[in-house]
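Some notes on the structure that comes next.
The values are calculated or read from the model by the stated rules, or taken from the named source; none is laboratory data. This one's a predicted model, so the numbers in the text were calculated from it and none came from an experiment. Cβ: placed from backbone, ideal geometry, glycine included. Neighbour counts: every protein chain shown. Protein only, heavy atoms only, side chains kept; ligands, DNA and RNA dropped before computing areas. Shrake-Rupley method; radii C 1.70, N 1.55, O 1.52, S 1.80 Å.
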Amino acid sequence: RALTLLAAACPEHGQEELATLSIGQRDALLFAIRELTFGPRLEAFSECPSCGAELELSLNTADLIAGGQKPTETELSLKSEGFDVRFRPPNSLDLAASVNLGMAEGYKELLGRCVLQALRGDTEVAPESLPETVTSALATRMLESDPLSEVQLNLDCPACSRSWSTLLDIGSFFWTELDWQARNLLREVDILARSYGWSEAEVLSLSARRRQRYIDMVT
């Protein structure tokens with residue numbers, strides 16, 4: 001979905017080129033396109049995992065991406081516990097290759113794709129053979145190098161005082177907004193076509209505000 005949105009908004013770039021952007025680079029573009037489409041405010045809901053209370057969230061694009069818009073290096077390195085690791089941040093192709101695997105297999109697939117070389121002294125080590133402490137440090141380094149790849153929201157429930165974190169997936173969020181907008185537009189076309197006998201093209205030629213005024217008069 002993220003790549004479908006980007007391909008529609010950035011026709012000058014091929015889908016293959018967009019797919020090789022790091023996740024943070026990809027999502028920075030999605031935030032920018034979403035802001036051009038709907039403005040800087042994001043209205044969202046979340047449910048408390050303890051008491052089920054609904055939280056209404058009003059978020060701002062600038063706050064969400066603060067500190068995350070910086071060039072992402074295509075190749076990075078890590079030295080940890082005697083290991084020298086060269087790697088790159090994950091991209092959409094990496095996620096697509098691992099998304100249908102189990103957690104352990106998916107993690108191994110990501111390591112295999114993103115670790116370019118791992119050495120211990122002069123001996124090459126397979127990515128899946130790296131110690132957990134090294135792979136943990138690698139994951140931290142990946143996130144530091146591409147911070148928009150994981151946008152965390154820290155929430156507090158006013159009803160029970162539970163605190164928790166949740167991820168904001170801008171691709172899914174933007175897709176849901178566009179889907180709702182498309183369904184609402186179809187409803188407006190249906191109402192005005194039935195009421196005034198206008199064609200779809202005639203209804204769509206009206207501005208959103210003018211369509212709403214006509215709808216207010218017939219509903």
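Can you give me the Cα centroid spacing of segment 1-78 and segment 122-172 in angstrom?
Centre-to-centre distance over Cα atoms comes out at 16 Å.
Using a Gaussian network for the chain with springs between C-alpha atoms less than 10 Å apart, which of these wobbles most: Ala28, Ala137, Ala104?
Ala104
Where does the charge balance sit around Leu3 when Lys and Arg score +1, Asp and Glu -1, over other residues with C-beta under 14 Å from its C-beta?
Details: positive: Arg1, Arg26; negative: Glu16, Glu17, Asp27, Asp94, Asp169.
That works out to -3.
Based solely on its DSSP helices, what 222 nm [θ] is calculated for the chain when runs of n ≥ 4 H residues each add -39,500 (n - 2.57) and the sum is averaged over all residues, nearest 500 deg cm²/dmol? Please report the intermediate quantities before stating the final value.
On the way: 10 runs with 110 residues, N = 219.
Here the helix-only value at 222 nm equals -15000 deg cm²/dmol.
Just to compare against my own numbers: the Cα pair-distance distribution for the chain, 10 Å bins, whole % per bin, please.
Whole-percent P(r) values from 0 Å outward: 7, 24, 27, 22, 12, 5, 3, 1.
Picking from Ala2, Ser149, Ser58, whose Cα lies most toward the positive end of the charge dipole for the chain (charges on Cβ: Lys, Arg +1; Asp, Glu -1)?
So the residue we want is Ser58.
How far apart, in nm, are two points set 7 Å out from the Cα along the Cα-to-Cβ line at Leu57 and at Arg194?
Spacing of the two 7 Å Cα→Cβ label points: 3.6 nm.
Under the rule that a partner needs its Cβ under 4.7 Å from the first Cβ, which Cys of the chain have none?
Cys10, Cys114
Within 10 Å, count the other beta carbons around each residue, average over each peptide in 51-58, 3-10, and list them highest first.
Working: 51-58: 11.0, 3-10: 16.1.
Put in order of decreasing packing, that is 3-10, 51-58.
Give the value in nm², to one decimal: projected area of the alpha carbon convex hull of segment 73-148, averaged over all directions. The partial results should precede the final answer.
Details: hull surface 19.4 nm².
It is 4.9 nm².
Two decimals is fine: what's Rg over Rh for segment 126-219, C-alpha atoms, Kirkwood radius as Rh?
With Rg and the Kirkwood Rh in hand, the quotient comes to 1.32.
Tell me, what is the per residue accessible area of the chain in Å², probe radius 1.4 Å? All intermediate terms of the calculation are to be shown ahead of the outcome.
Details: 13300 Å² over 219 residues.
Result: 61 Å² of accessible area for each residue.
Give, rounded to the nearest 20 debye, the magnitude of the charge dipole that segment 1-136 has about its Cα centre when Lys and Arg contribute +1 at Cβ and Asp and Glu contribute -1 at Cβ.
Working: 11 positive and 21 negative charges, 35 e Å.
It works out to roughly 160 debye.
With springs only between Cα atoms under 10 Å apart, run a GNM on the chain and tell me which of Arg88, Arg183, Arg120 wobbles the most.
Arg183
Using DSSP H assignments, which helices in the chain have an axial alpha-carbon span of 18 Å or above and a mean Kyte-Doolittle hydropathy of -1.0 or higher?
Length and hydropathy pass: 23-38, 132-145, 170-196.
Leaving out ligands, DNA and RNA, what percent of the accessible area of segment 61-123 is carbon and sulfur, probe 1.4 Å? Could you put the intermediate results ahead of the total?
On the way: 2050 of 3880 Å².
Within segment 61-123, the accessible surface is 53 percent carbon and sulfur.
Sort segment 51-112 into rounded, prolate or oblate with this rule: let a ≥ b ≥ c be the square roots of the eigenvalues of the Cα gyration tensor; rounded if a/c is under 1.5, and if a/c is not under 1.5, prolate when a/b is larger than b/c, oblate otherwise.
Numbers: a/c = 2.29, a/b = 1.44, b/c = 1.59.
Cα axes put segment 51-112 in the oblate bin.
Given springs between every Cα pair under 10 Å in a Gaussian network model of the chain, which of Pro131, Pro40, Pro90 has the largest fluctuation?
Taking springs between Cα atoms under 10 Å, the residue moving most is Pro131.
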